[in-house]
């Protein structure tokens, strides 16, 4: 099943987990540490979270305040300077965080998950030394990867990110709340890879990692 099909069929928990996983892997761009999103994962895994249906209904921790409260705290911790001087990859990561819905329900969570998927693939293409960030063919290949589940023509970093996105949605769909642990593991692996890439790129430019 393609990435787009998985997003279309995902319930609210899967959508929230997918979007959060994309953001988690891109945290190095925001100068965040490895634990900064743990409270959001915990809110998503709360005992009172209902997976809801395909329309994304009722996937909230209790009355939704846990997710909303932790999201506010994360935004405060990762707040950065004005956008001036930040490159596209950082801006895309900031937008993922800024547009996260306050509740894991409704059409907004599906739109957010889809937008995070696109943004994360774009970020990985921008940061991959083997890719041409401005190349139209690269954008077309990434789009084909989402709709056709193909990695042909993708740079290594982008292909790996596509596979991680698919794995996260599959484990969340197949294992429900228990799949969150595996989703976190997959995201942790991807975050370590991207952190190394960001660090190398920043050293080459003589800048702090999140200020590219």
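Throughout, read-outs are computed from the coordinates displayed, never taken from laboratory work. Since the structure is predicted, the reported quantities are computational estimates derived from the model, not experimental observations. Counting neighbours? That spans all protein chains shown, and the Cβs are built from the backbone with ideal geometry, glycine included.
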Which of the peptides 33-43, 17-27, 163-173 is most tightly packed, and how do the rest follow, going by the mean number of other Cβ atoms within 10 Å of each residue?
17-27, 163-173, 33-43
Stretched out fully, how many nm does the piece from residue 69 to residue 196 gain, at 0.36 nm a residue minus the Cα gap?
42.7 nm
